[in-house]
Amino acid sequence: MQDTRLSKQHWFLIFTLTLLTFVLGTSEFVIVGILTDISSNLHITNAKAGTLVSAFAITFAIATPIVMSATSHFPKRKWMLFLIGAFIVLNALSIISTSYLMLLAIRMVTAIVTGVLISLAMIVASETIPIAKRSIAISFVFGGFTLANVVGVPIGTVIAEWYTWHATFMLTTVLGGVAFVASFFNLPSKLSQYRSSMRDQFSLLTHPRILMAFFIPSLGFGGTYAVFTYLVPILKQMDAPSSSISLILFGYGFISIFSNILAGKIASHNAIGRLRFVFLIQAFVLIALYWTTDNFIFGLVNIGLMSLMAILLTTSTQLYLIDLASIYQPKATGLAASLMPVASNVGIALGSALGGIVYHEGTLINVTLVGGVVAIFASLLTFFSHRLDQQQKKLA
């Protein structure tokens, strides 16, 4: 009987990968908190500074699958250590950036490094941890991003307020060094390597089941971000005191930690089957905001539930994409591992765009209805995918 217990080495590896995603997440998300400092220092508009965020997301989404496919045969330990080293150098260069174009170029290259490292971290967690415990490992690794939003971003923002935005990148550079040391001692050396052409890799994306699995998290994130993008205006419409909005946002991030824990539990058994109903509950929570925001207390409780539902899909869909790839194109599991982060970025862009259209064409609170409808579509897609899984099992 196979031992499914997590050894001390397993936990050290999980901690290392979680630390890595925390550092990567802090570097990616902290730019939002220091945007006005950057625009003021570099003498550019806030809108122009905002392109640092959009350029990062676009580069991340486009380049990550391409680089993952092109480097699938690289030794993973050496490749990850090299990329972490590159991350440290890029953040150090951000400290001395003196122009918008220089910082933009650095951020775009950092986006590529970040996307590939995240994907590799997911692969290492799924390959080295006993199958029965993979969901726990993946949920911890995703938890690094949650902690980045709850802890890393506020700290980085405060450092920028006390000193300058350059000092924030000193923090991410130092954190990168800590992640490098932890990775050097804890990353295993015997990890999978597949030699296959780019054509073979990208053939994975032509399979209907993979595309279906890709759009499940895209729609799931889309439903949340149709509302979350405009959460501050919603809070102001609820007559939330300006001084309390940052505290409410912190509470939102704190609750998402529990969402991440629940994500691991959902993924532990019949994940896609459970997600069918998770999305339906998410839809109910989002649509309920249309009415509960009339009452400040009820509205806050509802927003808390929205945070709790926000990332329940992450672990399940990440493992689902990898498992489907192992069936339809085993040599493309690296590419499959990169699809979940890409899908989340697609979903964020989709949700915020739909919410923006509804906001500007109608009333603000209608974004909650749009979010709920998108979540319903995510549920329907999951129902269909689960049904196909069951049919395939009967035929096997």
Inset, instruction - Starting from the Cα of K190, draw a straight line to each of the lysines and keep only those under 19 Å, dropping any in the same chain fewer than 8 residues away. - result: K8, K76, K78, K331
Legend entry - Protection proxy ranking, peptides 178-186, 212-220, average beta carbon neighbours within 10 Å, highest first: 212-220, 178-186
Inset, instruction - Compute the relative contact order of the chain as a whole-number percentage, counting only Cα pairs closer than 8 Å that sit 6 or more residues apart in sequence. - result: 25
Legend entry - Computed lengthening from V89 to I131, 0.36 nm per intervening residue step minus Cα-Cα distance: 11.6 nm
Legend entry - For the stretch 170-193 and the stretch 88-167, distance of Cα centres in Å: 12
Inset, instruction - Starting with the highest mean, order 315-327, 296-308 by the number of other Cβ atoms within 10 Å, averaged over the residues of each peptide. - result: 315-327, 296-308
Legend entry - Inter-label distance, nm, simple model (7 Å from Cα along the C-beta direction), D239/W291: 2.1
Legend entry - Pairwise label distance in nanometres, N366 with F82, each label 7 Å out on the Cα-Cβ vector: 5.2
Inset, instruction - Sum -39500 (n - 2.57) across every DSSP H segment of at least 4 residues in the chain, then divide by the residue count to get the 222 nm mean residue ellipticity, nearest 500. - result: -28000 deg cm²/dmol
Legend entry - Likely footprinting exposure, V158, V67, fewest C-beta neighbours within 10 Å first: V158, V67
Inset, instruction - For a label point 7 Å from the Cα of Q390 along Cα→C-beta, name the residues of the stretch 204-243 whose backbone N is under 13 Å from it. - result: none
Inset, instruction - Give the calculated FRET efficiency between R199 and L101 to the nearest 0.05, with a Förster radius of 45 Å applied to their Cβ-Cβ distance. - result: 0.80
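Every read-out reported here was derived from the displayed coordinates using simple, explicitly stated rules and does not represent laboratory data. Keep in mind it's a predicted model, so treat the numbers as computed, not measured. Backbone-built Cβ (ideal geometry, glycine too); neighbour counts: all protein chains shown.
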